[in-house]
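Data block below; observations after.
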Amino acid sequence: MLRPLLDLLVPPACWSCRGPVNAGSPLCPACAFELPWSVDGGRHRGRQVSRTATPLTLTGPARDLVHALKFRSAPAVAALMAAHIVHALPAGFFAPGATIVPVPAHPGRRRRRGYDHADLLARAIAARTGQQVAVALVRAGGRRAHQRGSGRADRLRGDGLSVTARGPAPARCLLVDDVRTTGATLEACAAALTLAGARRVDAVAYAQAP
C-alpha cells in the first residue's frame, strides 16, 4: 500500500547513475546496457575450489550494485544480481545435487547491515535454480577477522580470516559471494567444507575485482 505513495513522493532512482528507472528496477536501461560482463565468464581454478565463475568485473554499474547491497542498505538489489549470475552461467554450473553455501560475512558487519549480503544473494540464486541453501559456515569475529582493506599478500595468506564448518558439509557445495579479489576467501571456505566432508566445492561470485 505504501510503496506506490513513496514512489510518487521519492521516485525510484538508478543505483548507478541516479537517473529515473522503471518501478522495481535497480538500474536504468542505459546502466544495464553498460554492465561490464567478463569476456570468458571469469573462470578460475584453485587448490580447494574446483571451479569459480565471476560473470562481471567490479567496475561501473556492477560495482555500484555491490556497493548498494553491502554499504547502502539496499538488500533488494540481490534479486537482480542473482538474475545476472544465473543467466550468465551455463545451466550445468547449478547442478541439482549441489547445495548452495553463502560465504559468511564478518559478524560485526552483519550486525551493522542487519543482514548477510552473501546469504541474500545465495537465496536469490536458489529461488531461480531450485537448489537448497545451507548456512554451513561460520566466520570468527574480531578486528582482524575480515579481508576488506587488506593488501594482496595478506589476502593470499588468509591473514585475519577464520572460517569453520558448523557440522558435516554437503557432499557437493556451490559457494556464493558478491566479489572475488584474490580468491583467498573462497579457498578458505572451500577448505573448511572439504575438512567437514564435502567432496567437491565450486564457487560463484558476482564480480571479479580488477
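Annotation: amide H of residue 137 within the under-5 Å range of 166, sequence separation 5 or more or interchain, hydrogens built in the peptide plane.
Each residue of segment 82-92 was assigned a 3J(HN,Hα) from its phi angle through the Karplus curve 6.51 cos²θ - 1.76 cosθ + 1.60 (θ = phi - 60°); the sequence is 5, 4, 4, 4, 5, 6, 7, 9, x, 4, x Hz, with glycine and proline shown as x. Stretching the chain fully between residue 199 and residue 135 yields a gain of 21.3 nm (0.36 nm per residue, less the alpha carbon separation).
3J(HN,Hα) along segment 161-169, derived from phi through the Karplus expression 6.51 cos²θ - 1.76 cosθ + 1.60 where θ = phi - 60°, amounts to 10, 10, 10, 9, 7, 6, x, x, 8 Hz, with x in place of Gly and Pro. Exposure proxy ranking for 67, 106, based on other Cβ atoms within 10 angstrom of each Cβ and starting from the fewest, stands as 67, 106. Multiplying the residue separation of residue 74 and residue 128 by 0.36 nm and subtracting their alpha-carbon distance yields 17.4 nm. Proximity of backbone amide H atoms, modeled 1.01 Å from N, is registered between residue 206 and 177, 178, 179 at under 5 Å, excluding neighbours fewer than 5 places apart on the same chain.
In plain terms, if you count all Cα to Cα distances in segment 64-129 and split them into 5 Å steps from zero, the share in each step is 3, 18, 26, 25, 15, 9, 4, 0 percent.
Among 33, 71, the ranking by other beta carbons within 10 Å of each residue's beta carbon, starting with the fewest, stands as 33, 71.
Between residue 17 and residue 67, residue separation times 0.36 nm minus the direct Cα-Cα distance comes to 16.7 nm. Karplus couplings for segment 109-123 from phi (6.51 cos²θ - 1.76 cosθ + 1.60, θ = phi - 60°), rounded to Hz, Gly and Pro as x? Those phi angles translate into 6, 4, 5, 5, 6, x, 6, 9, 4, 5, 5, 4, 5, 4, 5 Hz. May I ask for the distance between the Cα centers of segment 157-210 and segment 96-121, given as a whole number of Å? Their Cα centres are 12 Å away from one another.
Throughout, read-outs are computed from the coordinates displayed, never taken from laboratory work. All values reported here derive from a predicted model rather than from experimental measurement. All Cβ positions, even for glycine, are placed from backbone atoms using ideal geometry, and neighbour counts span all protein chains on display.
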